[in-house]
1. Quick one: grab the alpha carbon gyration tensor of segment 189-302, order the square roots of its eigenvalues as a ≥ b ≥ c, and give me rounded if a/c is under 1.5, else prolate or oblate depending on whether a/b is larger than b/c.
2. Students often check this: by mean Cβ neighbours within 10 Å, which of 162-174, 64-76 ranks highest, and how do the rest follow?
3. Find which of Ile222, Ile295, Val80 sits farthest along the positive direction of the dipole of the chain, computed with +1 on the beta-carbon of Lys and Arg, -1 on that of Asp and Glu, about the Cα centre.
4. Based on the mean of other Cβ atoms within 10 Å per residue, sort peptides 187-197, 259-269 so the most packed one is first.
5. Between Lys310 and His179, what length in nm is gained on full extension when 0.36 nm per residue of separation is reduced by their alpha carbon distance?
6. Arranged by the count of other C-beta atoms within 10 angstrom, fewest first, what order do His110, His159 take?
7. Between Leu73 and Ser339, what length in nm is gained on full extension when 0.36 nm per residue of separation is reduced by their alpha carbon distance?
8. Straight distance only, please: which aspartates and glutamates reach the Cα of Lys348 with their own Cα at less than 20 Å, same-chain residues fewer than 8 apart left out?
Amino acid sequence: MDTTAFLHWLQDTVAAEEGPSAIRRIIRFQEPSDYSQFLREWSELSTPSQQQAVKQIQIIRAISCRLPAKETLSRFAGRVWIENDFRITVDAAPQKSLSAEKGIPWGIQHVKAPLAWSTTTGHRIKIGVIDTGVDFSHPDLRHSLSRGINLINRSMLPHDDNGHGTHIAGTIAAANQVHGMIGIAPRAQVYPVKAFDHNGSAFVSDIVLGIDWCVRNKVQIINMSFGMKTRSKALLNSITNAYNAGVIVVASSGNDGKRRSVDYPARYPQTVSVGASTRLRRVAPFSNRGAYIDIYAPGDKIVSAWLRGKYHEMSGTSMATSHVSGAIALLLAYKPGLSPADIKSILKRSVQPLRGTKAPKLTGELDIMRMLQAADR
């Protein structure tokens, strides 16, 4: 490939494409040598403003930048692929603000996490939460957080300006036994990866960078409480890289109440796809369901940590996903070295049947004690 010609084309296009017709696109290089050559030339020949306009996504040999919507890169056909850098949104909506929460929330009791704590607390298991960041000052999370990364502003800690990420982190690993709430795996470590802005919105390219960061930092579980309707080769490629590196990816199925469809990335077989259930052990009305779901977990009226040391009740498959990520942390601390395929198999073998005449028969609800027993067999 003539990387110099590509570089000049990119410089001209980036300079011209600031109008309303431009959208974010991902350009992936087929050959590693072409990508390496491009990166070398780009760092030497581009201006600081051009470098700022082009995001490097090295895990999948790609870049992301604003380009014309109809650009096909036909002149570089066979050497690069192009796809839209779609926006993704988090899978939940806040319902009720609460000033205090004491003890063990219903979902954590429901999946029998407290019965497991004499055996495993998730000690030292690393969980990457790709989300809106986290409230580092929340008293229930103080002992459960590592530094993480802010992909929106690299010079800052991944502070949460939305609340969703803090809620997810609380269910996974809150640890304030005396005055606050306790999460599923209170001795696990949450690595907040801020890819979503204050509106709960992110680009696929930032999710890919977040996955890359998690893999490089030896995170064992990645929680993805978000989804989109469109398939992305870039996202699939990065999730496959994580899976092959031994990282288990847990993803929410979406909140459309669909019977035969789930959101991406939960639809990919390399993830654990999570649907939401209620206190009555039924599928939550808002949850997507069907053959693509691997497991259900509490997702209806879930209370967890929120901004400024507060608590919020939220419903969504996001909340269900955080229960499963916490459960996997308990499992990995109990049985180190399990592969993503092992973990998925243990989860699916150990579910509790759901209630209701329309309940799915091929899968069921998370039960942590049954999960640990299945791991011993």
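Where a number appears in this text, it was derived from the coordinates with a stated rule and is not lab data. Note that this is a predicted model, so its numbers are computed, not measured. Quick reminder, even Gly has a Cβ in these numbers, built from the backbone with ideal geometry, and neighbours come from all protein chains shown.
1. On the way: a/c = 1.67, a/b = 1.61, b/c = 1.03.
Prolate.
2. On the way: 162-174: 30.9, 64-76: 14.8.
For the peptides 162-174, 64-76, the packing ranking is 162-174, 64-76.
3. Final value for the positive-end residue is Ile295.
4. Working: 187-197: 26.0, 259-269: 19.5.
Output ranking for 187-197, 259-269: 187-197, 259-269.
5. On the way: separation 131, 0.36 × 131 = 47.16 nm, distance 1.22 nm.
Stretched out fully, the Lys310 to His179 stretch lengthens by 45.9 nm.
6. Values: His110 21, His159 18.
In order of increasing Cβ crowding within 10 Å: His159, His110.
7. Details: separation 266, 0.36 × 266 = 95.76 nm, distance 3.90 nm.
Residue separation times 0.36 nm, minus the Cα-Cα distance, leaves 91.9 nm.
8. Asp263, Asp294, Glu365, Asp367, Asp376
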